[in-house]
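Q: Before anything else, here's the structure in question.
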Amino acid sequence: MPSAQKPMRYGHTEGHTDVCFSDTGSCIVTCGSDGDVRIWENLDDDDPTSINVGEKAYSCALKNGRLITAVSNNTVQIHTFPEGAPDGILTRFTMNANHVIFNSDGTKIAAGSSDFMVKVVEMADSSKQKTFRGHDAPVLSLSFDPREVYLASASCDGSVRVWKIADQTCTTSWPLLQKCNDVINAKSICRLGWQPGSGKLLAIPVDKVVKLYRRETWDSQFDLSDTFITQTVNVVAWSPCGQYLAAGSVDGCIVVWHMESQNCIERMKHEKNYTICGLAWHPKDMQIAYTDTEGNLGLLENIGDEKKPNDKVTSTATKDYNDLFDGDDDYLSGDMVDPQSSPKTGANEDDADDDDLKPTSGHFRRTIIDDDDNSLDIGMIKANSNLLEKEDDDDDQTGGFSALPPSSTQQPFYDGPMPTPKQKPFQSGSTPGHLMHRFMVWNSVGIIRCYNDEQDNAIDIEFHDTSIHHATHLPNSLNHTMADLSTEAILLACESTEELASKLHCIHFSSWDANKEWTVDMPKDEDIEAICLGQGWAACATSALLVRVFTVGGVQKEIFSLPGPVVSMAGHGEQLMVIYHRGTGFGGDQCLGVQLMELGKKKKQILHGDPLSLTKKSYLTWVGFSAEGTPCYVDSEGIVRMLNRGLGNTWIPVCNTREHCKGKSDHYWVVGIHENPQQLRCIPCKGARFPPTLPRPAVAILSFKLPYCQVTTEKGQMEEQYWRSVVFHNHVDYLSKNGYELDESAKSQAVKEQQELLMKLFALSCKLEREFRCVELADLMTQNVVNLAIKYASRSRRLNLAQRLSEMAVEKASELAAALEDEEDEEEDFRKHLNAGYSNSATEWRQQPDRNAQQDQEMEDAEETDAYEEVDETPEVHKERPNPFSKAVTSAEVTTPKSVLIASSSQGRVNPFKVSSNKKDPVVHSANILDTMSKYSKKNCSSSSRAVNKQSPPVIKPLIPKPKTKQTSAASFFQARTPNSSEKTVEEREEKSGSESCEVKLTAQENTENRRPKTGFQMWLEENRANILKDNPDLNEAEVIKEGMSRFRMLSSEERTAWTEKAKGGTVNDSAEDKKRKRPTADEDEVKKNEEQKSEDSNLSKKTKPLDQSTNVRLSAFVFKQS
């Protein structure tokens, strides 16, 4: 017969359950956390005898008609069996005993307790006791050596010890287990066992293997493992003959090995994947009784197809009997392979297991055994009996093969990765629900504790900041299991019972009216599984795969479906994050998805069920938001991840709490995350995953560290700091986009910090002569810092690098200009809605955004002037093109000049160490370039400013003269261009252009005249510049424009309008009236100031270095001489 897994029976209430057989195997005895011992005639016994032994029974053992139990009143009691009459107390401890066992002849018992003690007591005389001291934590389990020389014990202190019974000394100790502070937190209860008979081997379950240690030498002989076991092994049990070893795991796997061959002969999976906590072999038959932590009892029969003399008889009888139903047989088995053709099996069938061909498993067994207890798979019986017939013929044959031939009724056994049990829903910041005293939530607002013991069932709420609300004590009559807390409300939820529906209960303490509380009942058969609070709203996720949103005052709002069962939820401000199962994970991995929504005025979904990244074989332990509103989560391996909004909403690991843990079994329990200052607030838990409610846990603050490579080196360290600063300041942009007011100083401080780090990295790369890397770093810098980098490069004699950086500075400047133009475009659109009559004020609106950038540049320039003073050609370039203040009527037309304005200003700034080989080249080039640019801008005036921008860097590049060799003397910097040569060039160009008819015009302007409209002021200034210079001969260019601006403001509004109209018309009228100038009269002071400020700023943005005074005078005298 193949082994059979019987359907499980409900035996006790949820909790640890123990099992043993009576001496003859005629009945099964179980005990559980309901305090009862039940005696089962067999698994089908519908009315087992029940003996109440106390409030809780932790362990039981039975021999020679005496039943001993470890009970919650810290005693080990005796009852008669099977009557169940109390027969006295054997021994007492100061805390409850966790495991009791008999020795092989039933004359002694051993008990291990939570008070760290182990006792061995004589059954005949309980006063004869031996106490074994040495464990530093509760004792988990014990095992008597069959020869009664040694006693083995396992404890929560992580050690397994072997004691000499005679003198109570510890013979050896192995640090095999994870440390923990109590039995309920132990990963495994580590039920160990000596091999019956000889006691040669001691089997100890450690993680996913069973380690076998040899007696006397105490060496590790070998490990038994199997791919079927994916979780920690909890219990082991030897068969009475000592040839087989069974092991049960925390995820419900039972595996049986044959000891001689070390082969696995049996694999079984618990029908609900519950933890196996009790295993007992039948004294005679190949049966195993097993119990789980939910109080169920199960039975596994016919293990390993043990050959017994009568097996063959029954099987052949069955075969003959089944021959009567041959037709049915064919019908059932379809095209079944003829058993005669199947491979022969070996003599020793227990050796018969090959790892490639696993005979049975949970899934496999389910395919063999039908749900109906009375049905049999006839194909299997035939195949099996056939094998048995063959075995007799082939006794001499060695070499094993799987006990079962392939047949069509039996589907091929699945040998891939096993599905991972799905993680149950949880509230972040809560401790497990089965605890009497637990945290329902601990977050950045406060703490909610729940007390559920004999005296009281209550909830305590405490606020970190008592100005929000005072501490509160609530009765918990509805048995609330979930809670959340915000600065507005307390949210509680309970599961449904047979009488009552699942309820959501909200205490809105910040409400201004008298009714602070409301409750909502869920529909029938719908349980709340997760809850959370945001700003002005509450939400709950239910077992019907729905998320229900409510206002904080109790109005039902949106409902939406989830793609899978919820795992956890978190809320912050308008954001709601839901984590759920998007599928079944395999090989120990969870398969989770995340949805992130914004429930503000504009409701939108940010993350659409994206997969949630978890460490391999880990599960989710905390999910929430930083104090600044960035989504974060933590997995069971201690990795904290944060949403990186700067990289397309990806998740970045920002801390590994395991790095801060001292011991293997220590953990950090996260309670809050702050981005500014960077703090991870968590509670250190020694030997556990969560803290106890008493004493009050202390909060520790951990620092963040991104997992960058080589952080021990200076470079790696600065890179990590830079990117951490970037990631932890993404929230600033997000919040400002969403209309929150922000502290500008914090933002500028962050930018400063980042730029300093980049500059240090730049200097480091310079020292290492990695110039390409320097350019890459400069790409991350702001424009001002690039200028510092240029200065650094030129001072450290890296002229090639400085050249490349200056090209980059030009590009950055034009990008900056484009960004400003985008803003202007928006303003322009806005102004189109206004009356056209107000268009004159456009200048005032439009100039605003540039000011900061220009002031920054001004400061930079001041710094640089002392580094290299020289005559710059750029101001002349500007004189040859329309006045930069010309404000075009449409923003599209202003696009190119604007970008050129700023670009060339930075060009002027970064030219110092680029010396032209031909003295006349630069100016001529510049004029031509500007000409082409103005043509270009007219052609493309309809295209967007961005497109223009992409083109501008190549257009400007010819402005950069070719660098000379590094030996260029300082003198040659100054000899490169003289005012005379520049003047001459302009004169020549004037003649060539044939512009005699025009009165006072710049060449470049003339070329662009018919292409680009001017403002009225520009036209006025052209005609009156000579007069201004006549009055004030020593004014430089900036002061000329300033003076001109103030005089223009003095004109009457009619005259100004006339000039503006003229500019729009594109005609230049030389009438005397236009040449009139008024002396200053009282005018709008404010407007004048604005204009002056603007003229100054614009001028600064072009003119980066003060020109020599005399040069200026000579230039302006030449340019504006009358024809």
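Q: Can you tell me which residue in region 480-506 is modelled with the lowest pLDDT, limited to those that are surrounded by fewer than 17 Cβ atoms within 10 Å (Cβ to Cβ) and within 22 Å of F550 (Cα to Cα)? Steps first, answer last, please.
A: In the first step, residues of region 480-506 are kept if they are surrounded by fewer than 17 Cβ atoms within 10 Å (Cβ to Cβ); the result is 487, 497-500.
After this cut, where a residue has to be within 22 Å of F550 (Cα to Cα) as well, the list is 487, 500.
Details: T487: 93, L500: 90.
Result: L500.
Q: Can I ask one more? Spot the failing condition for V623; the list is (1) farther than 25 Å from Y734 by Cα; (2) touching a residue at least 60 places away in the same chain (Cβ under 8 Å), and only one is missed.
A: The number of the failed condition is (1).
Q: Further question: So G35 passes all but one of these: (1) free of Cβ contacts under 8 Å to residues at least 60 places away in the same chain; (2) within 20 Å of N296 (Cα to Cα); (3) open to solvent by 10 Å² or more (accessible area, probe 1.4 Å). Which condition number does it fail?
A: Unmet condition: (3).
Q: Something else: Of everything in region 533-562, what is touching a Gly at 6+ places or on another chain (Cβ under 6 Å) and either more than 22 Å from G624 (Cβ to Cβ) or surrounded by fewer than 20 Cβ atoms within 10 Å (Cβ to Cβ) (or both)? Give them in sequence order.
A: If we filter region 533-562 for residues that are touching a Gly at 6+ places or on another chain (Cβ under 6 Å), which is where we start, we get 533-535, 552.
Matches in region 533-562: Q535 only.
Q: Please work out if I89 is within 52 Å of the chain's Cα centre (by Cα) and either open to solvent by less than 40 Å² (accessible area, probe 1.4 Å) or over 21 Å from T275 (Cα atoms) (or both). Don't jump to the end; show me each part of the working.
A: On the way: within 52 Å of the chain's Cα centre (by Cα): no; either open to solvent by less than 40 Å² (accessible area, probe 1.4 Å) or over 21 Å from T275 (Cα atoms) (or both): yes.
Answer is no for this residue.
Q: Here's a follow-up. Of all residues in region 672-711, count the ones that are among the small types (G, A, S) and open to solvent by less than 20 Å² (accessible area, probe 1.4 Å).
A: Step one: list which residues in region 672-711 are among the small types (G, A, S), which gives 672, 687-688, 698, 700, 703.
Still in the running and open to solvent by less than 20 Å² (accessible area, probe 1.4 Å): 672, 687-688.
Total meeting the criteria: 3.
Q: Checking the structure you have, find out if any residue of region 109-118 is more than 41 Å from the chain's Cα centre (by Cα) and open to solvent by 40 Å² or more (accessible area, probe 1.4 Å).
A: Yes: region 109-118 contains one or more residues that are more than 41 Å from the chain's Cα centre (by Cα) and open to solvent by 40 Å² or more (accessible area, probe 1.4 Å).
Q: Would you point out which residue out of T80, T30 is touching a Lys or Arg at 6+ places or on another chain (Cβ under 8 Å) and open to solvent by 30 Å² or more (accessible area, probe 1.4 Å)?
A: Values: T30 fails: open to solvent by 30 Å² or more (accessible area, probe 1.4 Å).
Residue meeting the stated conditions: T80.
Q: Follow-up question, since we're still on this one. Looking only at region 185-212, filter to residues that are of a type in the set (G, A, S) and not in a strand (DSSP E or B); which one of those is nearest to T275 (Cα to Cα)?
A: Taking region 185-212 as the starting set, the residues that turn out to be of a type in the set (G, A, S) are 186, 188, 193, 197-199, 203.
Filter again for not in a strand (DSSP E or B), leaving 186, 188, 197-199.
Values: A186: 13, S188: 10, G197: 29, S198: 31, G199: 28 Å.
Restricting to residues being of a type in the set (G, A, S) and not in a strand (DSSP E or B), the top hit is S188.
Q: A further question follows. Among the strands (runs of 3 or more DSSP E) confined wholly to region 213-310, which include 1 or more residues that are free of Cβ contacts under 8 Å to residues at least 24 places away in the same chain? Full working, then the answer.
A: Details: elements: 220-224, 233-238, 244-249, 253-258, 263-269, 276-281, 288-292, 296-301.
Output list reads 220-224.
Q: While we're on this one: Residues in region 43-74 that are free of Cβ contacts under 8 Å to residues at least 24 places away in the same chain, open to solvent by 70 Å² or more (accessible area, probe 1.4 Å) and more than 48 Å from the chain's Cα centre (by Cα): how many?
A: Residues meeting the conditions: 4.
Q: Tell me, which helices (runs of 4 or more DSSP H) lie completely within region 729-779 with 3 or more residues that are open to solvent by less than 90 Å² (accessible area, probe 1.4 Å) and among the hydrophobic types (A, V, I, L, M, F, W, C)? Give the derivation first.
A: Values: elements: 730-737, 744-767, 771-779.
Per the criteria, 744-767, 771-779.
Q: While we're here: Here's a check for you: in region 782-819, which residue that is more than 18 Å from E769 (Cα to Cα), open to solvent by 30 Å² or more (accessible area, probe 1.4 Å) and among the polar types (S, T, N, Q) is nearest to the chain's Cα centre (by Cα)?
A: Ranking the candidates gives T782 first.
Q: Something else: Quick one: in region 144-158, of everything that is open to solvent by 10 Å² or more (accessible area, probe 1.4 Å) and not aliphatic (A, V, I, L, M), which residue is farthest from P240 (Cα to Cα)? Step through it out loud before you land on a result.
A: Narrowing region 144-158 to residues open to solvent by 10 Å² or more (accessible area, probe 1.4 Å): 144, 146-150, 157.
Next, only the ones that are not aliphatic (A, V, I, L, M) stay: 144, 146-148, 150, 157.
Working: F144: 14, P146: 11, R147: 15, E148: 16, Y150: 19, D157: 30 Å.
Among those that are open to solvent by 10 Å² or more (accessible area, probe 1.4 Å) and not aliphatic (A, V, I, L, M), it is D157.
Q: Is at least one residue of region 712-721 hydrophobic (A, V, I, L, M, F, W, C) and surrounded by 14 or more Cβ atoms within 10 Å (Cβ to Cβ)? Lay out the reasoning, then the answer.
A: Within region 712-721, the first condition is being hydrophobic (A, V, I, L, M, F, W, C), and the residues that meet it are 718.
Narrowing further to those that are surrounded by 14 or more Cβ atoms within 10 Å (Cβ to Cβ): 718.
Yes, the conditions are met somewhere in region 712-721.
Q: Quick one: which residue in T650, T615 is open to solvent by less than 50 Å² (accessible area, probe 1.4 Å) and of a type in the set (S, T, Y)? Before you say what the answer is, go through the steps one by one.
A: On the way: T650 fails: open to solvent by less than 50 Å² (accessible area, probe 1.4 Å).
Just one listed residue meets the conditions, T615.
Q: Among strands (runs of 3 or more DSSP E) lying entirely in region 526-609, which contain 3 or more residues that are over 17 Å from the mean Cα position of the chain (by Cα)? It would help to see each step written out before you state the result.
A: Numbers: elements: 528-533, 537-542, 546-551, 556-561, 566-572, 575-581, 592-598.
Strands (runs of 3 or more DSSP E) meeting the threshold: 528-533, 537-542, 546-551, 556-561.
Q: Shifting gears a bit: From the list K128, K187, which residue is open to solvent by 30 Å² or more (accessible area, probe 1.4 Å) and under 16 Å from N98 (Cβ atoms)?
A: Working: K128 fails: under 16 Å from N98 (Cβ atoms).
Checking each option against the conditions leaves just K187.
Yes/no per residue for (1) modelled with pLDDT of 90 or more; (2) within 20 Å of H572 (Cα to Cα):
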residue	(1), (2)
I673	yes, yes
N676	no, yes
I701	yes, no
P707	yes, no
M718	yes, no
V732	no, yes
Q749	no, no
L761	yes, no
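The values are calculated or read from the model by the stated rules, or taken from the named source; none is laboratory data. The structure displayed is predicted, hence computed values, not measured ones. With ideal geometry, Cβ positions are generated from the backbone for all residues, glycine too; neighbour counts draw on all protein chains shown. When the accessible area is computed, the model is the full protein with side chains, heavy atoms only, and any ligands, DNA or RNA have been set aside. Shrake-Rupley method; radii C 1.70, N 1.55, O 1.52, S 1.80 Å.
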